[in-house]
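> Starting off with a structure, shown below.
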Amino acid sequence: MNRFGWFRTKSKQAMVYHCSGCDTFNVQRIGRIVEKNRSVKFHPGNGPPVGPNCEHCSATHQIGGPMWAEPLHDAGFVQRLLCSVENSADRFNTAQRMVGMLSVASEELPDCPMFYCLDKLSSVVRVNCPPLLAVRSAILHAGYQVSLSHTCKTAVKTDAPPHVIWDIMRGWAKQNPVNPNRLSSDAVASTILGKEAGIEANFTIRADANPASRQKGLKRFQENPPNWGPKARAGRGEEAQEDRRRRLQGKRQQEQLDLKQFPCKRFKQGQCEYGDDCRYSHNLGEETNSTSSNSEQEKE
């Protein structure tokens, strides 16, 4: 690789400034390319894009990278691969899931390397998680682009700046008030919700907020296999449980029969109401025999 290729590669990488409080991120390109006529110049990136503390929650930043900041997918290749899988679906057992994932990948915004997780945003400000279509519609109403991500069901990939995202979450918290007790011990949520929103969030559902892959009901994400999750402890499979049921079958009835060797005290007092259904013996002769045998054993 010559030095021009090296500079061009560096201009496609970026550093990430990640807030340790509210998880807001800002991307800073390592280099930039300035093309004018036939002249191409490479310059270092300008920055940093943030101050010492987060402008939203006043927490500190963590720096990560370098990371790839260019499109993750070749749009033409994804479309050709999608057509190939659809035309030969009988060749693959997972053709439906392949079509779903490729469809989501083709719908992703190419110039947004990172995304927000809707459940994480809700957790930061202590509100109930809003519907995905409502948040996507609010971003579109604000004049920005939005898409899903093939890596996460709750992903919100958008070119909207962070302050717009938090304004939308403030609007949702205004419509769904937060319990004050949950904010008293959370400085991050209190700081974010305590600021005035710069825009009025509009959660009216838009038709273009629902992507085509979702409307078609495609299998867009990995599904858990059958019998997924924690089960009974080892050694208690279906056959073992069936054997256990057979072994314990009638045990309670056997326990009740064993109690017939003991006399019923209530019957002796004339107060037993169970009759023949009583678990204890109503034969007073057995009580006399057992008493006499016990006394003889004590004498010996």
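> Past 19 Å, Cα to Cα, is the threshold; run Lys174/Lys195; Lys157/Lys195; Lys153/Lys219; Lys10/Lys41 against it and keep the listed order.
Checking Cα-Cα distances, Lys157/Lys195 exceed 19 Å.
> Now a separate question. Take the alpha carbon atoms of the range 140-174, find their center, do the same for the range 1-41, and report the distance between the two centers in whole angstrom.
The two parts, judged by their Cα centres, are 24 Å apart.
> Can you report the principal axis dimensions of the chain using only the alpha carbons, biggest first, rounded to whole angstrom?
121, 57, 44 Å, listed from the longest principal axis down.
> Okay, next question. Given a 1.4 Å probe, how much area per residue of the chain is accessible, in Å²?
On a per-residue basis, 68 Å².
> How high is the relative contact order of the chain, given as a whole-number percent (alpha carbon pairs under 8 Å, six or more residues apart)?
This gives 14 percent for the chain.
> Shifting gears a bit: Per-residue ellipticity at 222 nm for the chain, helices alone: DSSP H runs ≥ 4 residues times -39500 (n - 2.57), over residue total, nearest 500 deg cm²/dmol?
-11500 deg cm²/dmol
> Where a ≥ b ≥ c are the square roots of the eigenvalues of the C-alpha gyration tensor, would you call the range 1-147 rounded, which needs a/c under 1.5, or, failing that, prolate if a/b is larger than b/c, or oblate?
In terms of gyration-tensor shape, oblate.
> Looking at the chain, what % of its DSSP beta bridges pair antiparallel, to the nearest 5?
Restricted to the chain, the bridges split so that about 95 percent are antiparallel.
> Rounded, prolate or oblate: which fits the range 165-237, taking a ≥ b ≥ c as square roots of the Cα gyration tensor eigenvalues, rounded meaning a/c under 1.5, else prolate when a/b beats b/c?
oblate
> Based on the alpha carbon coordinates of the range 74-134, what radius of gyration and maximum Cα-Cα distance (Dmax) apply, in Å?
Answer for the range 74-134, Rg first and Dmax second: 16.3, 47 Å.
> For the chain, with all protein chains present and a 1.4 Å probe, just round the carbon and sulfur fraction of the accessible area to a whole percent.
48 percent
The values are calculated or read from the model by the stated rules, or taken from the named source; none is laboratory data. All values derive from a computational prediction rather than experimental measurement. Side chains included, ligands, DNA and RNA excluded: accessible areas come from the protein's heavy atoms. Shrake-Rupley method; radii C 1.70, N 1.55, O 1.52, S 1.80 Å.
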